[in-house]
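Novice: Here you go, one structure.
The values are calculated or read from the model by the stated rules, or taken from the named source; none is laboratory data. Not measured: the values here are computed from a predicted model. Neighbour counts run over all protein chains shown; Cβ positions are idealised from the backbone, glycine included. Keep in mind that these areas ignore ligands, DNA and RNA; they rest on the heavy atoms of the full protein, side chains included. Shrake-Rupley method; radii C 1.70, N 1.55, O 1.52, S 1.80 Å.
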Amino acid sequence: MTNGSSITQFLLLAFTETRELQLLHFWLFLGIYLAALLGNGLIIITIACDHHLHTPMYFFLFNLSLLDLGSISTTVPKSMANSLWDNRAISYIGCVAQVFFLFFFSSAEYFLLTIMSYDRYVAICKPLHYGTLLSTRACVHMAAAAWGAGFLNALLHTANTFSLPLCQGNVVEQFFCEIPHILKLSCSHSHLGESGYLGVSAALAFGCFVFIVVSYVQIFRAVLRIPLEQGWHKAFSTCLPHLAVVSLFVSTAMFANLKSPSISFPILDLVVSLLYSVIPPTLNPLIYSLRNQQLKDAASKLMAGFFKHH
């Protein structure tokens, strides 16, 4: 029986064996990665530098961008490097780190998105209580809770997954180390405990999703009472994209982690993993932040000042 300790490296999924397509994959992922770096980096710097943006909503957006940067940096650079050097290998420690950090950043981001829906609910439905319910201390505590819960969740799943004996080789059928694909390498029935933990996490995620949906339903109901059509448009154009991104993130992540191992189509697995690990960190800056006029103005002012001094 081959134990995990005797495996020194894993082999990740190669997108293609053709050299030209490998390079195309490298440039495509480089473009996506640079877009995510630019968008999230701009938001982080703008919010940090402009004291007018030191409010609860922008504080949470700042944290979201940090988590997005961490999330996409866990998977995409390694995949790019493997395509560039025509290589499939990732070290055992590198694989453990990928599982841990992806679970950490994704879990923390999801908890943060739940908190952000509460922030919007209070801002629109209980504006007179906003300063009390979302004081600086409360916001810091909520953000810390999201990061802490993500850390504990990742620690539990990573420790549990890599404590299993692995006796089905070392080929991971995914472009990064993902728990369901590691579980496929474990000895028969020994992975049922981790599958149970994934189920508990999924139930928690579903609970958060219900909370988010209920928050937005309350927001829509409050907005529909406003006679101004402009107010309707503003609230719906803000909330609906948020809800769409959260739905995509939750549905694809839950599908990837909970589907039966017997349902395994490499193309389907690949598309689903891209939809929850690569697309949200790239699109979140556009959907949550850069459509916001105040943030756009602050970012423009910051860039104008930067180019002026250079």
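Novice: Once amide H atoms are placed 1.01 Å from N in the peptide plane, what residues at a sequence separation of 5 or more from GLN9, or on another chain, have their amide H within under 5 Å of its amide H?
Specialist: Here TYR92 satisfy the definition.
Novice: Also: Mind checking the per residue accessible area of the chain for me, 1.4 Å probe, whole number of Å²?
Specialist: Per-residue accessible area for the chain comes out at 49 Å².
Novice: Go ahead and estimate [θ] at 222 nm for the chain from helices alone: -39,500 (n - 2.57) per DSSP H run with n ≥ 4, summed, over the residue count, rounded to 500.
Specialist: -25500 deg cm²/dmol
Novice: Viscosity 0.890 mPa s, temperature 25 °C: Stokes-Einstein D of the range 1-79 from its Kirkwood Cα radius, in µm² per second? Numbers along the way, then the final one.
Specialist: On the way: Rh = 15.5 Å.
For the chosen part, D equals 159 µm²/s.
Novice: Something else now. Looking at the range 1-92, which chymotrypsin sites (Phe, Trp or Tyr not before Pro) are DSSP coil and have at most 14 other C-beta atoms within 10 Å of their C-beta?
Specialist: Passing both the DSSP loop test and the Cβ count: TRP85.
Novice: Which of PRO77, PRO165, PRO127 ends up with the largest GNM mean-square fluctuation for the chain, with Cα atoms connected below 10 Å?
Specialist: PRO127
Novice: While we're here: For ILE93 and GLN9 in the same chain, what is the full-extension length gain: residue separation times 0.36 nm, less their Cα-Cα distance, in nm?
Specialist: 29.4 nm
Novice: Rounded, prolate or oblate: which fits the chain, taking a ≥ b ≥ c as square roots of the Cα gyration tensor eigenvalues, rounded meaning a/c under 1.5, else prolate when a/b beats b/c? Display every interim value, and only then the final one.
Specialist: Details: a/c = 2.17, a/b = 1.55, b/c = 1.40.
In terms of gyration-tensor shape, prolate.
Novice: So, with a 1.4 angstrom probe, what is the percent of accessible area on the chain that is carbon and sulfur?
Specialist: Ligands and nucleic acids excluded, carbon and sulfur give 70 percent.
Novice: Take the Cβ-Cβ distance between LEU152 and LEU270 as r, set R0 to 25 Å, and report the resulting FRET efficiency rounded to the nearest 0.05.
Specialist: Working: r = 29 Å, r/R0 = 1.17.
FRET efficiency, LEU152 to LEU270: 0.30.
Novice: What is the range 1-139 by shape, rounded, prolate or oblate, if you read a ≥ b ≥ c off the alpha carbon gyration tensor as root eigenvalues and call it rounded for a/c under 1.5, prolate for a/b larger than b/c, and oblate otherwise?
Specialist: Values: a/c = 3.54, a/b = 2.03, b/c = 1.74.
Here the range 1-139 falls in the prolate category.
Novice: On a full-extension model of 0.36 nm per residue, what is the gain between VAL214 and HIS233, subtracting their alpha-carbon distance, rounded to one decimal in nm?
Specialist: 4.9 nm
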